[in-house]
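One structure is given here, and the rest of the page talks about it.
None of the figures in this text is laboratory data; all of them are computed from the coordinates on show. Everything numeric in this text was worked out from a predicted model, so none of it was measured. Here the Cβ positions follow ideal geometry from the backbone for every residue, glycine too, while neighbour counts run over all protein chains shown.
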């Protein structure tokens, strides 16, 4: 393998035509340049220079290697410039991991903001729960993560992590329209104790699953969970089709199916959504992304008002759906 310093010496000789001028350009002695060239010839296994009057000139092999050296040194200089830009310019790539609901609700507008404001930034987005994204963030595989905090079950916060809250996200109770509690539009959690409900929850490994069970039990409700699936869209479909109950956050709420009624609760239930990053890797790109996420979340804040209701199955065609404000 050819040493960079030796390729620099060859490039300097090719550019300046003499060892003396090459040495001046490299801030070396002529003897040092000659030694670099001699070592490079041994590495190449062929003569790279030959006498020419009082100086030297490159052999055909030397010309070929000098051309490659020039290209390599240009690439190294470009790499150095790009690395230096990371310290004071918003350039990419930027790797973001986000919980699915925030990816759906916040990512499109956030990435649009970044694309306009910082065209040299390339965002790489993956969805995942905090249990996946936080280890990736700590390992340096992600630059930024968007995580959720449930009451009593916050996302992990290891040393060396910075975070900022993006928004509060209120949850509402989804019931079949025919359930006796559905007509009021509001329910106290304690009323659910004798309501005979079967529940759909997130998968067992998630904090959302544990939060739902803990919240209901604190209200005196022992939940009978008959379905455990990931995704609030399927939760609402199971409320509509199987008569289950679900707690659904307003952030990125999907279309509310016909026959489902959304109820506000007492107490109000909410989670918070945070952006987190490694404190020692707070680059301009990370700061720009956090600013864009906060702007997007703030723009969505009016959507935290109680949602409009889907019509009941008895009052409209079964094929009709309405979108609940988010």
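To test your reading of the geometry: what angle, between 0 and 90 degrees and rounded to tens, separates the Cα axis of helix 232-242 from the longest principal axis of the chain? Compared with the principal axis, the helix lies near 30 degrees.
Listed by Cβ neighbour count within 10 Å, with the fewest neighbours leading, 255, 260, 290 appear as 255, 290, 260. For the chain, the longest principal axis of the Cα atoms and the long axis of helix 207-218 meet at an angle of about 30 degrees.
From largest to smallest, the equivalent ellipsoid semi-axes obtained for the chain from the alpha-carbon gyration tensor read 66, 18, 16 Å.
Of all DSSP bridge pairs formed entirely within the chain, close to 65 percent run antiparallel.
Need one number: convex hull volume per residue for the stretch 170-270, Cα atoms only, in Å³.
Value for the stretch 170-270: 87 Å³ per residue.
Pairwise Cα separations in the stretch 1-158 fall into 10 Å bins from 0 onward with the following percentages, short to long: 10, 26, 17, 12, 15, 14, 5, 1, 0.
Residues 210, 202, 172, ranked from the fewest to the most other C-beta atoms within 10 Å, line up as 210, 202, 172.
Under the shape rule built on the C-alpha gyration tensor, where the axes satisfy a ≥ b ≥ c, the stretch 97-151 is oblate, since a/c reaches at least 1.5 while a/b does not exceed b/c. Helical runs assigned H by DSSP (4 residues or longer) give the chain a calculated mean residue ellipticity at 222 nm of -13000 deg cm²/dmol, each run adding -39500 (n - 2.57) before division by the residue total.
Fewest neighbouring Cβ atoms within 10 Å first, the residues 151, 237 line up as 151, 237.
Each 10 Å bin, from zero up to the one with the longest distance, holds this percent of the alpha carbon pairs of the stretch 4-86: 19, 50, 24, 7, 1.
Nearest 5 is fine: what % of DSSP beta bridges in the stretch 75-209 come out antiparallel, could you say? Expressed as a percentage, antiparallel bridges in the stretch 75-209 total about 10.
Angle of helix 4-16 to the longest C-alpha principal axis of the chain, folded into 0 to 90 degrees and rounded to 10: 60°.
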